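Asker: Take this structure, written in structure tokens, and hold onto it; I'll ask about it next.
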Amino acid sequence: MKLYLYNSLTRKKQQFEPIKSGAVGLYTCGPTVYNYAHIGNLRTYIFEDILKRVLIYNGYAVKHVMNITDVGHLTGDRDMGEDKMEAGAAREGKSAWDIAEYYTRSFKQDLEQLNVLAPDVWVKATDTIPEQIALIRTLEEKGYTYPTSDGIYFDTSKFKDYTKLSHQDLEALREGARVERNPEKRNATDFALWKFSPQGSKRQMEWDSPWGVGFPGWHLECSAMSMKFLGEQLDIHCGGTDHIDVHHTNEIAQSEAATGKSFFNFWMHGAFLIIQGGKKMAKSEGNFLTLENALMKNDINPLVYRFASFLTHYRKPMEYSDESIEAARNGLLHLQNQVRQITTAGVEAQSSVSAEFQNKFNETINDDLNMPRAMAVIQEMLKSKLSDARKYSTVMDFDRVLGLQLDQLAHDQALPEAVQKLVAARLQARQDKDFATSDQLRAEIEALGYQVQDTPDGMNVVKK
């Protein structure tokens, strides 16, 4: 079945065809590890995980590379402000290396909690300094660089089609719109490839280079890493929409200037998470929520957030609120209960996947990862006249993409119909915040010989 993905480079959905038959090179921009990842960041990683799972579901062998930015990302994306790692170290009274290690570990734990598949290659910016220096040397030899008092810069005026990804108004940028003026830069859009350490002080993270002691620019690392580990398999590059105008635009410019070849065929970007009122969630705004303080401390399974992300297409802004999370919690619990109800002993060995619904599901996920529609197909299948065994086998097949760990429910005992109805009614009561009715229904369920457990995973009903 053909796979169609929205390509930010062409601004349209295109049929995906890999460079190498049967294999896909996937690069996803990783975190800058100076603080915890917020749930807006994590929405992007869930979208990228779905993309990876869809590629695998379609039979591709995926080589997935993700970077860890532990140096070079300044507080202003256009080479303004201080290094975020140095700022994080000063904030917490630790070394930049310790900060990087701590928040890298925290980020990986978040991915595990969300059941996001780990990349095949984790790579730190600080581990590829020689490759980054070599890339600057190549650009220098080809005449794309120039020195200033604070670093080595890329001359964007020498690169044709600099705005082919962002489609920005270059004239407006030249006039200084949204850009802090730097009198030494030849063009407002020029960016640092190498930054010099400040005179008279020593940075925690700095290296010798042909141009002086310093550190690489943020944009440089992704070009060096992706070309090092993916080489001739530059199929898909992903990130958040905030990467389009600066970070990914600069990656394309420096990479294509250095190689003379196209840099990644597909560029895919996830939209922002917004809080009530329409404001983007961001660390700079001080309004960011983590998995821990938004969900886990309230006994909400992180998979609830994964489920919630399926209800809005990845290219549309997703609104976060207590109400939306509660609705997702009930939605996931409803799905889990549906799976419990179709599970019988030995069902795995005697069932087969429904080709009809598998085709429907595959068609929706292959339409630019249309997860809202895919969730509807799942409900259609579960409410169909298929046998429980086939429903079970089919939903387990779909969970290869969903990643909701539905197989862990396989040995739960199915509930009698009378109990199922009470459970469904109690779910609705909890969603409506009708706690008096919820308590009454709990008592009715327990009177039938079942125990109600309100757990971080939602409501669980088991035989006493």
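Asker: Only residues in the range 313-329 that are in contact (Cβ under 8 Å) with a residue 24 or more places away in the chain and open to solvent by 40 Å² or more (accessible area, probe 1.4 Å) count as the first member; pair them with residues that are assigned to a strand (DSSP E or B) and of a type outside the set (Asp, Glu), Cβ under 6 angstrom, at least 6 apart or cross-chain, and list the lot.
Answerer: Hits for this filter: Pro317/Ile274; Glu319/Ile274.
Asker: Mind checking whether some residue in the range 90-97 is of a type in the set (Lys, Arg) and over 20 Å from Ser223 (Cα atoms)?
Answerer: The first filter runs over the range 90-97 and keeps only residues of a type in the set (Lys, Arg), leaving 91, 94.
Those left that are additionally over 20 Å from Ser223 (Cα atoms): 91, 94.
Looking for residues that are of a type in the set (Lys, Arg) and over 20 Å from Ser223 (Cα atoms), one finds at least one in the range 90-97, hence yes.
Asker: Which members of the range 263-283 meet the condition of being assigned to a loop (DSSP other than H, G, I, E, B) and either over 15 Å from Cys222 (Cα atoms) or touching a Cys at 6+ places or on another chain (Cβ under 6 Å) (or both)? I'd like the intermediate steps shown before the answer.
Answerer: To start, the set of residues in the range 263-283 that are assigned to a loop (DSSP other than H, G, I, E, B) comprises 263-265, 271-272, 276-278, 281-282.
Answer for the range 263-283, where residues must be assigned to a loop (DSSP other than H, G, I, E, B) and either over 15 Å from Cys222 (Cα atoms) or touching a Cys at 6+ places or on another chain (Cβ under 6 Å) (or both): Asn265, Ala271, Phe272, Gln276, Gly277, Gly278, Met281, Ala282.
Asker: Cβ contacts < 6 Å: first residue on the phi < 0 side of the Ramachandran plot and open to solvent by 10 Å² or more (accessible area, probe 1.4 Å), restricted to the range 114-126; second residue assigned to a loop (DSSP other than H, G, I, E, B) and of a type outside the set (A, V, I, L, M), any location; separation 6+ or different chain. Result?
Answerer: Listed pairs, sorted by first residue: Lys124/Asp70; Thr126/Asp70.
Asker: Next question, about the same structure. Filter the range 399-411 down to the residues that are open to solvent by less than 50 Å² (accessible area, probe 1.4 Å) and more than 23 Å from the chain's Cα centre (by Cα), then identify the one that is modelled with the highest pLDDT. Before you say what the answer is, go through the steps one by one.
Answerer: Filtering the range 399-411 for residues open to solvent by less than 50 Å² (accessible area, probe 1.4 Å) gives 399, 401-404, 406, 409-410.
If we keep only those that are more than 23 Å from the chain's Cα centre (by Cα) too, we end up with 409-410.
Details: Leu409: 78, Ala410: 61.
So, considering only residues that are open to solvent by less than 50 Å² (accessible area, probe 1.4 Å) and more than 23 Å from the chain's Cα centre (by Cα), the one modelled with the highest pLDDT is Leu409.
Asker: State whether one or more residues within the range 44-58 are touching a strand residue (DSSP E or B) at 6+ places or on another chain (Cβ under 8 Å), within 22 Å of Lys280 (Cβ to Cβ), in a helix (DSSP H, G or I) and of a type in the set (S, T, N, Q).
Answerer: Scanning the range 44-58, I find at least one residue that is touching a strand residue (DSSP E or B) at 6+ places or on another chain (Cβ under 8 Å), within 22 Å of Lys280 (Cβ to Cβ), in a helix (DSSP H, G or I) and of a type in the set (S, T, N, Q), so the answer is yes.
Asker: Which residues, taken from the range 11-45, are open to solvent by 60 Å² or more (accessible area, probe 1.4 Å) and of a type outside the set (Asp, Glu)? Show your work before the answer.
Answerer: Taking the range 11-45 first, the residues open to solvent by 60 Å² or more (accessible area, probe 1.4 Å) are 11-13, 15, 17, 19-21, 36.
Once the filter is applied, which keeps residues that are open to solvent by 60 Å² or more (accessible area, probe 1.4 Å) and of a type outside the set (Asp, Glu), the range 11-45 yields Arg11, Lys12, Lys13, Gln15, Ile19, Lys20, Ser21, Tyr36.
Asker: Looking at Lys202, Lys185, which one is open to solvent by 80 Å² or more (accessible area, probe 1.4 Å), out of contact with any Gly (no Cβ under 7 Å at 6 or more places or on another chain) and assigned to a loop (DSSP other than H, G, I, E, B)? Working first, answer last.
Answerer: Working: Lys185 fails: open to solvent by 80 Å² or more (accessible area, probe 1.4 Å).
Residue meeting the stated conditions: Lys202.
Asker: Scanning the range 307-328 for residues that are among the small types (Gly, Ala, Ser) and in a helix (DSSP H, G or I), which turns out nearest to Phe47 (Cα to Cα)? Let's see the steps before the verdict.
Answerer: Here is the first cut: in the range 307-328, the residues among the small types (Gly, Ala, Ser) are 308-309, 321, 324, 327-328.
Add one more test, that the residue is in a helix (DSSP H, G or I), and what stays is 308-309, 324, 327-328.
Details: Ala308: 12, Ser309: 8, Ser324: 18, Ala327: 20, Ala328: 17 Å.
Only one residue tops the list, namely Ser309.
Asker: Also, quick follow-up: Got at least one residue in the range 298-306 being modelled with pLDDT under 90 and assigned to a loop (DSSP other than H, G, I, E, B)?
Answerer: Step one: of the range 298-306, the residues modelled with pLDDT under 90 are 298-300.
Remaining after also requiring assigned to a loop (DSSP other than H, G, I, E, B): 299-300.
Scanning the range 298-306, I find at least one residue that is modelled with pLDDT under 90 and assigned to a loop (DSSP other than H, G, I, E, B), so the answer is yes.
Asker: Can you name the condition, by its number, that Asp242 falls short on among (1) open to solvent by 20 Å² or more (accessible area, probe 1.4 Å); (2) at pLDDT 85 or above; (3) assigned to a loop (DSSP other than H, G, I, E, B)?
Answerer: Here Asp242 meets the rest and fails (3).
The values are calculated or read from the model by the stated rules, or taken from the named source; none is laboratory data. Note that the structure is predicted; figures quoted are calculated from it, not measured. All Cβ positions, glycine included, derive from the backbone under ideal geometry; neighbour counts span all protein chains shown. Heads up: the accessible areas ignore ligands, DNA and RNA and are worked out on the full protein's heavy atoms, side chains in. Shrake-Rupley method; radii C 1.70, N 1.55, O 1.52, S 1.80 Å.
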